[in-house]
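Reading through the structure tokens given below for one structure.
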Amino acid sequence: MTKQTAVVICPGRGTYNKEELGYLSRYHSDKKAMLDVIDRYRQAQGQPSVTGLDAMSAYKLPVHTAGENASALIYACARGDFAAIDRDKYDIVAVTGNSMGWYIALAMAEALDEQGAIELINTMGSMMSGGVIGGQMIYPISDDNWHEDSAQKVQIMQWMEEANQLPGCEVYPSIWLGGYLVLGGNEAGLKAMEQRLPRLQDRYPMRLYNHAAFHTPLLASVSQKAFEQLPARLFKRPQLPLIDGEGRIWQPHSTDTAALHRYTLDTQVVAPYDYSKAIEVAIKEFAPDKLIILGPGATLGGATAQVLIKHQWHNLQNKQDFIQQQQQEPLLLAMGLEGQRQLATK
């Protein structure tokens, strides 16, 4: 059987939701050694184990979405999924991720060993345990056909500029997420944007619960703290090409590990994360047969598809084309969806 090539995409913070409770026991009860590394580390920090959080009888929003718990849980689920990909079927040619998924991508590409990975992910996830800095909200920048609305994009940037002229307001682009823009800011800045952004689909602008103003200058103090706690020696050259949130490729033989450390703890923390660019680079530079999104959850599917449509990958023109393609011969396999998971695993 001829192997297909795949770029693997690692999920961000908003992916372990109520429906994902029990994900580890459902899919990864055979990966005790991997989970033990994570649980032992967290135990030493006086934090609940990921296996314990995943096995709770009910999903608790304040518990499961708290940064110090969500990040380690999502990492454990994603790491298990990465190990479950059928390597006889797929040759993984590159790894990328969205937002916190960058840290997971570093781990999957082995730029961090298992111990270094949980140290980085848990440390960064716990930075807000003393209180969340600012917040995030999400807003669509595409139409019903999943075509990007560039006029809408320009208008939002103008409103952001206006909001930032107001006393005490700070708001910035946080993540370019396919047909969505995630904004990060302080309370006054987000409120000013809520007053300007027209209400859409009775959902947007939507605040992201328990999310800080990631990827904005408001997190400069977090970046500083990260450098104090996470030394450059944790980083190694990746074993697989890594695509970051600026669309840069970190290659196995030429990566400068000091620069990778700096990007991860500085640029990536305080500057916008361009997930759309990362996906564009993935399809144009690596031309994979498949894109595989690790679980938990499958919320990245729509945003990824919107990027594929923008670049007319495999001649995709609109949302309907994508849906048809997925039914016939899926290009995108989200491991959080049972049917697609079966195509990715043995």
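When residues in segment 1-30 are screened for being open to solvent by 30 Å² or more (accessible area, probe 1.4 Å) and either under 23 Å from the mean Cα position of the chain (by Cα) or acidic (Asp, Glu) (or both), 11 of them pass.
State yes or no: is GLY46 open to solvent by 40 Å² or more (accessible area, probe 1.4 Å) and at pLDDT 95 or above? Yes. Screening ARG79, ARG87 for residues that are outside any helix (DSSP H, G or I) and at pLDDT 95 or above leaves exactly one candidate, ARG87. The single condition from (1) touching a residue at least 40 places away in the same chain (Cβ under 8 Å); (2) crowded, with 22+ Cβ neighbours inside 10 Å that ALA107 fails is (1).
Within segment 216-235, can one find any residue that is touching a residue at least 24 places away in the same chain (Cβ under 8 Å), among the basic types (Lys, Arg) and either farther than 22 Å from ASN122 by Cβ or not in a helix (DSSP H, G or I) (or both)? No, there is no match, as no residue in segment 216-235 is touching a residue at least 24 places away in the same chain (Cβ under 8 Å), among the basic types (Lys, Arg) and either farther than 22 Å from ASN122 by Cβ or not in a helix (DSSP H, G or I) (or both).
Residues are listed down the side, and each one gets a yes or a no for (1) open to solvent by 50 Å² or more (accessible area, probe 1.4 Å); (2) of a type in the set (S, T, N, Q); (3) within 26 Å of TRP102 (Cβ to Cβ):
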{"position": "MET157", "(1), (2), (3)": "yes, no, yes"}
{"position": "GLN165", "(1), (2), (3)": "yes, yes, no"}
{"position": "CYS169", "(1), (2), (3)": "no, no, no"}
{"position": "GLY185", "(1), (2), (3)": "no, no, yes"}
{"position": "LEU190", "(1), (2), (3)": "no, no, yes"}
{"position": "GLN195", "(1), (2), (3)": "yes, yes, no"}
{"position": "HIS211", "(1), (2), (3)": "no, no, yes"}
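Looking at LYS277, is it basic (Lys, Arg) and more than 14 Å from ASP81 (Cα to Cα)? Against the criterion (basic (Lys, Arg) and more than 14 Å from ASP81 (Cα to Cα)), LYS277 qualifies. For segment 277-302, the tally of residues that are crowded, with 22+ Cβ neighbours inside 10 Å and farther than 17 Å from GLN340 by Cα stands at 3.
With respect to LEU291, determine if the residue is over 15 Å from the mean Cα position of the chain (by Cα), under 23 Å from GLY179 (Cβ atoms) and in contact (Cβ under 8 Å) with a residue 24 or more places away in the chain.
Working: over 15 Å from the mean Cα position of the chain (by Cα): no; under 23 Å from GLY179 (Cβ atoms): yes; in contact (Cβ under 8 Å) with a residue 24 or more places away in the chain: yes.
For LEU291, the condition - over 15 Å from the mean Cα position of the chain (by Cα), under 23 Å from GLY179 (Cβ atoms) and in contact (Cβ under 8 Å) with a residue 24 or more places away in the chain - is not met.
Is one or more of the residues making up segment 207-215 polar (S, T, N, Q), within 26 Å of VAL281 (Cα to Cα) and in contact with a helix residue (DSSP H, G or I) (Cβ under 9 Å, 6 or more places away or on another chain)?
We begin by selecting, within segment 207-215, every residue polar (S, T, N, Q); these are 210.
Cutting the leftovers down to within 26 Å of VAL281 (Cα to Cα) gives us none.
Scanning segment 207-215 turns up no residue that is polar (S, T, N, Q), within 26 Å of VAL281 (Cα to Cα) and in contact with a helix residue (DSSP H, G or I) (Cβ under 9 Å, 6 or more places away or on another chain).
No other residue among ARG79, ARG87 is among the basic types (Lys, Arg) and under 15 Å from the mean Cα position of the chain (by Cα) apart from ARG79. Scan segment 240-276 for residues that are open to solvent by 10 Å² or more (accessible area, probe 1.4 Å), over 20 Å from the mean Cα position of the chain (by Cα) and polar (S, T, N, Q) and the total you get is 3.
Residues that are more than 20 Å from the chain's Cα centre (by Cα): list the strands (runs of 3 or more DSSP E) wholly contained in segment 106-212 that include at least 1 such residues. Can you show your working first?
Details: elements: 135-140, 171-177, 180-185.
Once the strands (runs of 3 or more DSSP E) in segment 106-212 are filtered for at least 1 residues that are more than 20 Å from the chain's Cα centre (by Cα), what remains is 171-177.
Could you tell me which numbered condition ALA84 fails, if it satisfies all but one of (1) farther than 22 Å from PRO330 by Cα; (2) open to solvent by 10 Å² or more (accessible area, probe 1.4 Å); (3) among the hydrophobic types (A, V, I, L, M, F, W, C); (4) touching a Ser or Thr at 6+ places or on another chain (Cβ under 9 Å)? Of everything listed in (1) farther than 22 Å from PRO330 by Cα; (2) open to solvent by 10 Å² or more (accessible area, probe 1.4 Å); (3) among the hydrophobic types (A, V, I, L, M, F, W, C); (4) touching a Ser or Thr at 6+ places or on another chain (Cβ under 9 Å), ALA84 misses just condition (1). Is it the case that segment 150-168 has a residue that's closer than 21 Å to LEU242 by Cα, among the polar types (S, T, N, Q) and out of contact with any Asp or Glu (no Cβ under 6 Å at 6 or more places or on another chain)? No.
The values are calculated or read from the model by the stated rules, or taken from the named source; none is laboratory data. None of these values were measured; they are calculated from a predicted model. Cβ: placed from backbone, ideal geometry, glycine included. Neighbour counts: every protein chain shown. When the accessible area is computed, the model is the full protein with side chains, heavy atoms only, and any ligands, DNA or RNA have been set aside. Shrake-Rupley method; radii C 1.70, N 1.55, O 1.52, S 1.80 Å.
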